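For reference, the structure is listed below as structure tokens.
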Amino acid sequence: MAQSWMDLLFAHWTVSPEALRRTVPPPLELQTFEGQAWIGVTPFEVRNLRLRRMLPVPFLSSFPEINVRTYVTFGGKPGIFFFSLDAGSGLAVAAARTFYRLPYFHAHMAIERRAGELGYSSERKASESAPSAAFRGRYRPRGSVCPPAPGTLEHWLTERYCLYTFDDKQRVLRGEIHHPPWPLQSAEADITLNTMGDELGIELSRTPLLHFAARQDVVFWTLEPATSGLE
């Protein structure tokens, strides 16, 4: 599967490793950078969603998305663990839950672009299986594009090339991801509502570390069983 991510904001908060570790299911290992754990909220727009060797389907291939993530490792391979992913397309939610086994939820979402600034809002649709979560704010890029240098915090947070999830028997699955280096810019944001961490018992109210990317083209592979390196 391939897609493009447009006007993406990385908003990252430091969290104590103890508080975050309890939310990451074993046998995944929470990763830290210089002793500090991180949780990210990333609003963006998906465009040109398509399966391999197929064209995007009009009216179904573009929609807003926002996810909540942290950083883990398994078998010595760093990756991303998603706590939640909200999307403005019910079809995309159903497909991702089925084929990528990720905790997607359908949400009321809107993006407003004006004078180089993004207005973004998301409110998860209520259901018995969907804890409430909402985000509202405005954000904008600042400065020139600068791909993150290896060894920096920015590189550690963004340059990750797989995701982890679980099958019905709670065995670890890995999905490989490929994309060019992130074209990061500094960013500013006015976040007026953010309850995306509430279901984890984590309040995301302090000033976050912010980065912006105008576009990222991404390819996903199908999920495969992940090995610990001991098998």
Restricting attention to the alpha-carbon atoms of region 2-225, what are Rg (one decimal) and Dmax (integer), both in Å? 16.5, 49
Per-residue HN-Hα couplings for region 92-101 [Karplus 6.51, -1.76, 1.60; θ = phi - 60°; Hz; x = Gly/Pro]: 4, 4, 4, 5, 5, 5, 6, 9, 10, 6
Sparse-neighbourhood loop sites, trypsin sites (Lys or Arg not before Pro) in region 1-72 - DSSP loop, at most 13 other Cβ within 10 angstrom: ARG22, ARG52, ARG53
Output ³J(HN,Hα) for region 174-184: one whole-Hz value per residue in order, computed from phi by the Karplus curve 6.51 cos²θ - 1.76 cosθ + 1.60 with θ = phi - 60°, and x for Gly and Pro. 10, x, 6, 10, 10, 7, x, x, 5, x, 6
Quick one: dipole size for the chain, taken about the Cα centre, charges +1 on Lys/Arg Cβ and -1 on Asp/Glu Cβ, in debye to the nearest 20. 480 debye
Go through region 14-107 and name the GluC sites (Glu not before Pro) that are in a DSSP coil and have 11 or fewer other Cβ atoms within 10 Å of their Cβ. GLU34
Amide H of PHE105 versus every other amide H placed in the peptide plane: which residues, excluding those fewer than 5 positions away on the same chain, fall under 5 Å? LEU85, ASP86, ALA87
Between exposed chymotrypsin sites (Phe, Trp or Tyr not before Pro) in the chain, where DSSP calls loop and at most 16 other Cβ atoms lie within 10 Å, what's the longest gap? 60-160
So, R0 is 45 Å and r is the distance between the beta-carbons of PHE99 and THR192; what FRET efficiency does that work out to, to 0.05? 0.85
Among LYS77, LYS169, LYS125, rank each residue by its count of other Cβ atoms within 10 Å, from fewest to most, as a rough exposure measure. LYS169, LYS125, LYS77
Using Cα-Cα distances under 8 Å and only pairs 6 or more residues apart, what relative contact order does region 2-225 have, in percent? 22 percent
Whole-Å distance, taken between Cα centres, linking region 1-16 and region 78-105: 14 Å
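Values in this text are rule-based calculations from the coordinates and carry no lab data. Keep in mind the model is a prediction, meaning the values are calculated, not measured. Don't worry about glycine lacking a Cβ; one is built from the backbone with ideal geometry, like all the others, and counts go over all protein chains shown.
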